[in-house]
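The values are calculated or read from the model by the stated rules, or taken from the named source; none is laboratory data. In this text, all values refer to a predicted model and were calculated from it rather than measured experimentally. All Cβ positions, even for glycine, are placed from backbone atoms using ideal geometry, and neighbour counts span all protein chains on display. When the accessible area is computed, the model is the full protein with side chains, heavy atoms only, and any ligands, DNA or RNA have been set aside. Shrake-Rupley method; radii C 1.70, N 1.55, O 1.52, S 1.80 Å.
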Amino acid sequence: MDEDIWLEFKDLKITEKQIPILLDRFNLLPNLIRSVIENKSIEEITPTDQEQLDFQSNFLSNAGINNKKSLDIWLSKNGLDEKRLSILLYDQLKIEKFKEEKFSANVESSFLNQKSSLDRVLYSLIRVKSKIEAEELFLKLEEEEASFANLASKYSQGVEKEFNGVIGPMEIGKLNPELAERLRISKDGQLWPPFETNNWWIILRHEKSIPAKLDNNMRNNLLSDLYEKWMQSQLLPILKNIRENNNQYEK
């Protein structure tokens with residue numbers, strides 16, 4: 001085998017210079033770079049024995065693993081053995097500790113900055129293709145000739161049809177901007193006249209607002225969000241540089 005040949009399979013030969021090109025082609029390069037960045041960032045973090053036991057216990061509980069048999073089944077399905085699983089859990093614990101050490105001080109300000117988008121809302125919706133149909137349905141609602149649930153289950157043409165028109169609770173920041181704008185300023189029970197968005201005619205009713213709270217789940221989500229933004233800021237320049245070099249090799 002030639003010195004610069006990294007892999008040879010039948011008549012296929014892959015050189016060391018081709019590895020980054022192939023990793024990028026098969027979309028494996030971003031994950032590899034991410035893992036390298038993570039590995040370097042957490043190398044000085046050393047969890048305590050108790051932290052490791054607690055983290056492993058939480059994992060087993062969340063995965064529904066409660067005995068040796070269920071563990072073996074899980075390992076088999078995921079192509080792992082106990083040693084490899086222990087390594088993965090240890091590294092993941094170190095990442096969680098890294099998130100805490102690096103970003104915990106920024107969680108509260110991040111929450112306050114995003115709160116209006118993190119607030120959740122429960123709403124009812126009917127969507128149809130025809131403006132005339134939407135206006136007829138709206139008139140029935142205004143005159144209380146039928147309930148929103150009955151009309152939604154009968155006439156709405158989206159997945160909400162199966163739930164009597166009810167959607168949510170959903171974070172306002174994840175909604176269609178035209179829905180979000182109305183729901184953000186609505187009062188409970190407020191019914192909006194038909195409006196058009198994304199080729200649908202919409203009848204919208206605000207049901208309930210649920211203000212966001214900085215509880216443990218929200219805190220963990222914000223920590224992960226801060227971590228992902230940091231990771232992208234580290235990963236993308238490296239990826240761009242490698243791709244520019246790959247283009248040189250391909251010429």
Seminar exercise, completed: In terms of the alpha carbon gyration tensor, root eigenvalues a ≥ b ≥ c, rounded if a/c is under 1.5 and otherwise prolate when a/b exceeds b/c or oblate, segment 95-201 is prolate
For this session: Please work out the average accessible area per residue across the chain, using the 1.4 Å probe convention, and give it in Å².
Result: 66
For this session: Go from 0 up to the bin containing the longest alpha carbon distance in segment 132-251, width 10 Å each, and give me the % of pairs per bin.
Result: 11, 29, 21, 15, 14, 8, 2, 0
Exercise. Rg and Dmax of the chain over Cα atoms: what are they, in angstrom?
Worked result: 26.1, 83
Seminar exercise, completed: Given unit charges at Cβ for Lys, Arg (+) and Asp, Glu (-), the dipole magnitude of the chain about its Cα centre in debye, nearest 20, is 220
Problem set entry | Separation of alpha-carbon centers, segment 52-119 and segment 138-167, rounded to whole Å | 41
Problem set entry | Quotient of C-alpha Rg and 2.2 N^0.38 Å, computed over segment 34-165 | 1.81
Problem set entry | Cα lying deepest toward the dipole's positive end in segment 143-251, options Phe163, Thr197, Leu226, charges on Cβ | Leu226
Problem set entry | Projected area, mean over directions - segment 24-82, Cα convex hull, nm² | 5.7
Seminar exercise, completed: Descending packing, highest mean Cβ count within 10 Å first, for 144-155, 185-196, 115-126 is 115-126, 144-155, 185-196
Seminar exercise, completed: Heavy-atom accessible area of the chain with neighbours in place, 1.4 angstrom probe: carbon+sulfur share in percent works out to 49
For this session: Using amide H atoms built 1.01 Å from N in the peptide plane, name the residues 5+ places from Thr197, or on other chains, whose amide H lies under 5 Å from its own.
Result: Ile202
For this session: Work out Dmax and Rg for segment 58-101 from the C-alpha atoms and quote the Rg first, both in angstrom.
Result: 11.8, 37
Exercise. Could you work out the helix-only [θ] at 222 nm for the chain, with each DSSP H run of four or more residues adding -39,500 (n - 2.57) and the total divided by the number of residues, to the nearest 500 deg cm²/dmol?
Worked result: -18500 deg cm²/dmol
Problem set entry | For Val36, net neighbour charge (Lys/Arg +1, Asp/Glu -1) across residues whose Cβ lies under 13 Å away | -1
Problem set entry | Angle in degrees between helix 216-250 and the longest Cα principal axis of the chain, rounded to the nearest 10 | 60
Problem set entry | Angle between the chain longest axis and helix 107-118 axis [Cα atoms, degrees, rounded to 10] | 40
Problem set entry | R0 of 35 Å, Cβ-Cβ distance Glu178-Ser61: FRET efficiency to nearest 0.05 | 0.25
